[in-house]
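Below is one structure, written out as C-alpha cells; comments come after it.
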Amino acid sequence: VTVINTKTHKKIKDINVTSGTINTDKDKILQSVTTFVDSDQDYFYSSAAHAVNDWFGNGQPEYHSLNSVFYKLNLEDLEIYRKLALKEHIYELEGVFVSIPSVVSHTMNKEISISIKPIKHTTGHRSSAFVGGSNTIGAPTKMIWGTGVFTKFSIELKDEDGKPHKVHLVANLRIDGKRCWGLKIPINSAVTCIAHKLANKLHIAFDSALNKDLFKNFAGARLTGNFSLKRLQWRNPGHALSSEMHEFAVDWIVPAKVVNHTINRDVSIDIKPIKRTTGHKSAAFVGGFNTINVPTEMVWASTASATKFSVVLHDKYNGVEYTVHLVADTGSKLGCRYMTINSAATCYYEPDDKLNISFDKALNKNLPSNITLGGHFSLKRLQWPDMNTTNIEMHNFEINWKAPPHFNRGVISFY
C-alpha cells in the first residue's frame with residue numbers, strides 16, 4: 001500500500017501489507033475495491049492479497065492467492081496494527097464493512113449537563129459507562145463497577161493564533177431518581193442505584209482550580225477544538241452494536257475569574273470591581289448555565305428594578321424536577337436605587353458592589369411545602385460595554401434550599 005501526500009503529490013511511504021517476496025513480472029497485489037476510515041480518523045481498514053499468476057492445463061493463467069488478509073492500518077504512525085487472515089480463495093473482496101457506532105454530537109461553550117438515554121441493550125448488562133476517546137488526556141480507558149464523585153481529564157484546545165493550550169475538565173455521571181437524587185459517579189462507572197436505576201445525566205465542566213493559570217495568563221482568549229468520549233455497555237465493551245461515540249465541539253472563552261457561592265436562603269453578595277482593561281469600570285451580569293429567561297445582553301439602564309428568572313432544581317428525596325423562581329438585583333452602598341442585574345449604570349460614577357438573590361415567594365407558592373431542592377446555576381459578569389471582553393467572571397451558585405411551608409388562610413367562627 002502506497003501512502004501519498006495529496007497536497008504535495010509525493011509518496012510518504014510504501015507499506016507491506018502481505019508477506020512474501022513479490023515477482024513483479026508474475027505476481028500482483030489485489031486490493032479491495034472499497035475501504036473504510038473510522039469516525040475518529042485513526043484507522044484505515046481494507047483487504048488485500050498477494051496473488052501468483054499460475055498456468056493450468058487449459059493454457060490460461062489463473063491467479064492463486066498466497067496471503068489474503070483483512071488489515072487495520074494506523075494513520076498516525078502508518079503501521080499495520082492488526083491482520084485477519086482470509087481463506088486462500090478469497091482474494092478479491094468487493095467491499096469492506098466495519099460496524100459504526102452511533103454518534104451523538106454536542107456543543108460546549110460552558111459547563112454542560114446532557115441527558116442520556118439507556119444504551120441499546122444487546123447481550124450484556126443494561127448499564128453503561130464512558131471511556132476516553134480522541135483528545136482526552138488522562139481519561140479512563142476501562143469501565144468499572146464502583147463509586148466515586150468525578151473524573152478529571154484534559155483536552156488540547158487552540159487559540160485564534162493556532163497555539164495549543166491544555167484545558168482541564170471535570171466530569172461525572174448523575175443518577176436522578178427516588179432516593180438516588182444527585183448521586184454522582186465517575187464517567188467510567190456503570191454502577192446503578194437503588195432498584196437498578198441507571199445514570200441519566202452526563203455533566204462536564206471546566207475545572208476552575210486546575211485552569212487557574214489559564215484564567216491568569218489567557219483571560220478572554222477564545223479556545224476551540226474537539227474531543228470525544230466512547231460510551232460502552234457494561235461487561236460487553238467489545239460489542240460494536242451497543243456502543244456510542246459522543247463528540248464535543250468546544251468553543252470557550254477563558255474567564256478572568258471564577259467565583260463560587262452557596263445559596264440555602266436569600267443572599268446578598270459583595271462584588272468587587274471587575275478587573276479593568278480598555279472598557280468602562282462598570283460591569284453587569286448575563287445568563288449562564290441553567291438560567292431560564294435571564295437577559296443575554298447588558299444594558300446601561302432599565303426601567304425595572306429587579307430581574308426575575310428561573311432555575312431547574314431537583315427534589316433531593318425522589319429526584320423530581322421543579323422550576324424555581326428567583327428575583328435578583330444589584331445595588332450600591334452609596335444608596336442609589338436597585339437595578340436589574342444586566343444594568344451597568346453607576347451610582348455617583350461608582351459601580352454597584354452588591355448582588356442580591358432571593359426566592360420569589362409569589363411565584364413559588366405552588367411548590368410543595370418543606371421539600372429540599374438542590375442544583376446549581378451560573379451567571380456571567382462582563383465589563384461594560386464589551387460583550388466579548390477579556391474581563392469575564394463566572395459566578396457559580398450551588399443551591400440547597402428547603403421550600404417554606406404554605407399556610408392556608410381561612411375564617412374562624414365562634415359559637
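Convex hull volume of the C-alpha atoms in the range 257-402, normalised per residue: 102 Å³. Give a quick list of chymotrypsin sites (Phe, Trp or Tyr not before Pro) in the range 125-202 that DSSP marks as loop, anything other than H, G, I, E or B, with at most 11 other Cβ atoms within 10 Å. Passing both the DSSP loop test and the Cβ count: no residue. Restricting the calculation to alpha carbons of the range 109-152 gives Rg and Dmax of 12.7, 37 angstrom.
The lysines whose alpha-carbon is closer than 26 Å to the alpha-carbon of Lys212, local same-chain residues fewer than 8 away aside, are Lys110, Lys152, Lys158, Lys163, Lys166, Lys184, Lys257, Lys272, Lys275, Lys281, Lys354, Lys380. What number, in percent, do you get for the relative contact order of the range 257-402 if the mean sequence gap of Cα pairs under 8 Å and at least 6 apart is divided by its residue count? Relative contact order comes out at 36 percent. Backbone N atoms of the range 183-208 closer than 17 Å to the 7 Å Cα→Cβ label point of Trp145 belong to residues 186, 188-199.
How charged is the neighbourhood of Thr296? Take every other residue with its Cβ under 14 Å from the Cβ of Thr296, and add Lys/Arg as +1 and Asp/Glu as -1. Working shown, then result.
Values: positive: Lys110, Lys380, Arg381; negative: Glu297.
Surrounding charge for Thr296 is +2.
Among residues other than Ile119 whose Cβ falls under 11 Å from its Cβ, what is the net charge (Lys/Arg +1, Asp/Glu -1)? Provide the component values of the computation, followed by the final result.
Details: positive: Lys117, Lys120, Arg126, Arg231; negative: Glu244.
Once positives and negatives cancel, what remains is +3.
Listed from fewest to most Cβ neighbours within 10 Å, the set Cys336, Cys180 follows the order Cys336, Cys180.
Straight-line cross-link partners of Lys120 among the lysines, defined as a Cα under 22 Å from its Cα and at least 8 positions apart when in the same chain: Lys142, Lys197, Lys201, Lys230. Peptide packing: for 316-325, 247-256, the average count of neighbouring Cβ atoms within 10 Å per residue gives the ranking 247-256, 316-325, highest mean first. The phi torsions of the range 342-359, fed into the Karplus equation with coefficients 6.51, -1.76 and 1.60 and a -60° offset, translate into couplings of 8, 8, 9, 4, 9, 10, 6, 6, 10, x, 5, 10, 9, 10, 10, 10, 9, 7 Hz, rounded to whole numbers, with Gly and Pro shown as x.
We did not get these values from a lab; they are worked out from the coordinates using the rules stated. The model shown is predicted, which means the values in this text are computed figures rather than measured ones. Every residue, glycine among them, receives a Cβ derived from its backbone with ideal geometry; neighbour counts consider all protein chains shown.
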